[in-house]
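Beneath this line is the structure, given in structure tokens, with notes to follow.
The values are calculated or read from the model by the stated rules, or taken from the named source; none is laboratory data. Quick caveat: nothing in here was measured; it's all calculated off a predicted structure. As a convention, Cβ positions derive from the backbone with ideal geometry for all residues, glycine included, and neighbour counts pool all protein chains shown. To get the accessible areas, we keep the full protein, side chains included, count just its heavy atoms, and leave off ligands, DNA and RNA. Shrake-Rupley method; radii C 1.70, N 1.55, O 1.52, S 1.80 Å.
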Amino acid sequence: MTESFDPQAAANVALERVLASQWQGEPAVVLSSPPGAGKTGVAQRVAMQSASLLDQRCMVVTQTNEQAFDLTRRLAGNARSMPIHLFAKRGLNLPEDVARLPNLVVVHDVPSLPRHPSITIGNAAKWSWIQTTEACFDVQIVDEAFQLPDYRFQLISNLAPRHVLIGDPGQIDPFVDCEIERWRCDPAGPQVSCPAALVRRHPSVLQLDLPVSRRLNADTVS
């Protein structure tokens, strides 16, 4: 008799594998996910585990300010009394509900970044302004990683020695507003999404996926 598929059990196993990879010290993880599979929730759990259980400095990279605000809301609500740091440019208008979060700490410059176990959220453009030869964090989580072109990832990858790249490989390729003719046939060129380029350069990178979508029908997911 064929055993029935248990979606919740499969989702739990996938989450456990991602979290376990951090205890095992994996240098890089690429987590692929269809829409509605809970990738942002996984990013939150990895960040919380990093700061509260593994005593690490965790940086979270988003593609836009709106994504940073959304993650800040979620993490601040789940972290209770733990401060959540938002790395943002001076003068950035925060949504009222974000500005009112009691455990929010807004950081504008490198000297103000936390040096203790913590979570700091910022968009890739803001992170790329940091000029340093030393890692500022223990782990870097990139949310919606398939939207980040590899050349931009290279600007921030040195900020942490370990990386977790989470996203949907079915999204359109990253937008690059420069001439890419010399790299057009390069599968790991700077215009390629950072997870795809990372796997191409390092085929042994741990690749995981979230197997259950709560938003799409089966045909669309496959």
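Summary of computed values
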quantity: Any strands (runs of 3 or more DSSP E) falling wholly within segment 1-113 and containing at least 3 residues that are in contact (Cβ under 8 Å) with a residue 40 or more places away in the chain and open to solvent by less than 40 Å² (accessible area, probe 1.4 Å); calculated: 28-32, 57-62
quantity: Output for segment 117-148, where each listed residue is farther than 25 Å from residue 19 by Cα and either of a type in the set (S, T, N, Q) or buried (at least 22 other Cβ atoms within 10 Å of the Cβ) (or both); calculated: 128, 131, 132, 133
quantity: Matching option when the condition is modelled with pLDDT of 90 or more, touching a helix residue (DSSP H, G or I) at 6+ places or on another chain (Cβ under 6 Å) and over 30 Å from residue 132 (Cα atoms), among 101, 86, 75; calculated: 101
quantity: Subset of segment 136-165 (residues that are aliphatic (A, V, I, L, M) and in contact with a helix residue (DSSP H, G or I) (Cβ under 6 Å, 6 or more places away or on another chain)); calculated: 139, 141, 145, 148, 156, 164, 165
quantity: Top-ranked residue of segment 149-171 - restricted to ones that are small (Gly, Ala, Ser) and open to solvent by 10 Å² or more (accessible area, probe 1.4 Å), ranked as modelled with the highest pLDDT; calculated: 157
quantity: Residue tally, condition open to solvent by less than 80 Å² (accessible area, probe 1.4 Å) and at pLDDT 65 or above, over segment 177-217; calculated: 16
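For (1) of a type in the set (D, E, K, R); (2) touching a Leu at 6+ places or on another chain (Cβ under 7 Å), each residue gets a yes or a no:
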site	(1), (2)
66	yes, no
94	no, no
109	yes, no
121	no, yes
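Here is a yes/no grid of residues against (1) in contact with a Cys (Cβ under 8 Å, 6 or more places away or on another chain); (2) part of a strand (DSSP E or B); (3) farther than 26 Å from residue 34 by Cβ:
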residue: 115; (1), (2), (3): no, no, yes
residue: 122; (1), (2), (3): no, yes, yes
residue: 133; (1), (2), (3): no, no, yes
residue: 136; (1), (2), (3): no, no, yes
residue: 142; (1), (2), (3): yes, yes, no
residue: 155; (1), (2), (3): no, no, yes
residue: 158; (1), (2), (3): no, no, yes
residue: 164; (1), (2), (3): no, yes, no
